[in-house]
Every structure is written in structure tokens, then in C-alpha cells.
């Protein structure tokens, strides 16, 4: 089974991009210097992949050893459309901040908040549906959450219980941008209307695969 690992970057943080690239221990790492339209770039690079699976790694973050392999293993073993790990936070210098986010997740978590199932996520490319991009274009934001929610709610998600990703928190990241945060807040009702429409037993826990690492 083949895996594309996709990084979208503006190319402004070469030292972090190098850390990112060095941390990827599986698959074909593709670095795309994206235009201002992040939403379109995310959808196009993911949906047009010729690999069986796609993962995203941001240019300022790091993947932990074995995480990609364990996600692919979980997808192959369960037939799920998405496998995800737990995440830890690091600061600008790469030091851990706080405690990793490791609790079990239910389908309701995935439907209600974009950070409930965040990093690392590996997707089965064949499960992607153009309806995801249709909703993202209409709403104007939220493509990453909509791809995850569609994979996990319409198809099936599997949780790999290990810290597999280090998300770097720093003032320059997109999620700290006031305009981005305001736009996401305004879009939340429309995004949740879509994710809740992908019906199912919302209180069911997402299955875990493999022992905690």
C-alpha cells in the first residue's frame, strides 16, 4: 500500500520545515508551496493523490517514529477510512508543553469540534467525496475538519492510541491569527450543520486499534 505525506508551506520557516521532513519515516513526502487559498490547496493535493493513503504534516510540526506505519496498519486491518493518533504540543524551540491529548473519542466529538480528532490523521484516498469540497467552498473554511468528519462519520475512523504527532504552538501559526479565528467562529454553525448531517450513532466511541505506545 502506498502513502503520500503532504506538507503545504509558504516557505518562510525553512528550519522547521527541515525538522518536519526529517521526522517523516514512511511514505512519499510531498512539499507544496501553496498559494493564499489554503482550502483549495488542501483539497486538491489530497484528492488528486495517486497513493492509497494520504497524511498531512504541517511545515512547523513533527511526526513521531512509527506513527505513520501504525496508522497504515490500522487502516489495512480495519478497512477504516481514517486512522488518527494522539497529539502533543511543543513550543517554538521544540520542547513539550503540557500533557498530550490522549483520551478516547466518540463520534460526537468528531462531529462537534475540529480539534477533537486533529493530528496525526491518515486517510484512504478512495473514500474522498466531492461533496466535501462543495460544502467547504460554500462555507469558505473548514476543509480539514470536513475531510476528517466525512471519513469518520460517513465511513469509519479508527484511533491508534499513541502520541504520534507534535503540534508546534507559536505566535505565527494560522490558528493564532485573529482573522482566521474570527472566520472559523462565524462558520462553526454552518460547519456543524454539515457534520451533524452525516448521521450515525453520535455517542458511539471510535474504535481503537493496537495497544497504547
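The values are calculated or read from the model by the stated rules, or taken from the named source; none is laboratory data. Fair warning: this is a prediction, and the values are worked out from it, not measured in the lab. As a convention, Cβ positions derive from the backbone with ideal geometry for all residues, glycine included, and neighbour counts pool all protein chains shown.
Where strands (runs of 3 or more DSSP E) fall entirely within region 17-114, those with at least 3 residues that are in contact with a helix residue (DSSP H, G or I) (Cβ under 8 Å, 6 or more places away or on another chain) are at 28-33, 53-56, 82-90. Scanning region 119-137 turns up at least one residue that is at pLDDT below 95 and touching a strand residue (DSSP E or B) at 6+ places or on another chain (Cβ under 7 Å).
Return yes when residue 82 is in contact (Cβ under 8 Å) with a residue 60 or more places away in the chain and either surrounded by fewer than 20 Cβ atoms within 10 Å (Cβ to Cβ) or in contact with a strand residue (DSSP E or B) (Cβ under 6 Å, 6 or more places away or on another chain) (or both) and no when it is not. It is true that residue 82 is in contact (Cβ under 8 Å) with a residue 60 or more places away in the chain and either surrounded by fewer than 20 Cβ atoms within 10 Å (Cβ to Cβ) or in contact with a strand residue (DSSP E or B) (Cβ under 6 Å, 6 or more places away or on another chain) (or both).
Quick one: would you say residue 90 is more than 12 Å from the chain's Cα centre (by Cα), more than 24 Å from residue 190 (Cα to Cα), crowded, with 16+ Cβ neighbours inside 10 Å and modelled with pLDDT of 95 or more? For residue 90, the condition - more than 12 Å from the chain's Cα centre (by Cα), more than 24 Å from residue 190 (Cα to Cα), crowded, with 16+ Cβ neighbours inside 10 Å and modelled with pLDDT of 95 or more - is met.
Among the residues of region 40-70, those that are closer than 21 Å to residue 211 by Cβ and touching a strand residue (DSSP E or B) at 6+ places or on another chain (Cβ under 7 Å) comprise 63, 64, 67, 68, 70.
The set of residues in region 182-208 that are closer than 28 Å to residue 8 by Cβ and either part of a loop (DSSP other than H, G, I, E, B) or at pLDDT below 85 (or both) comprises 198, 206.
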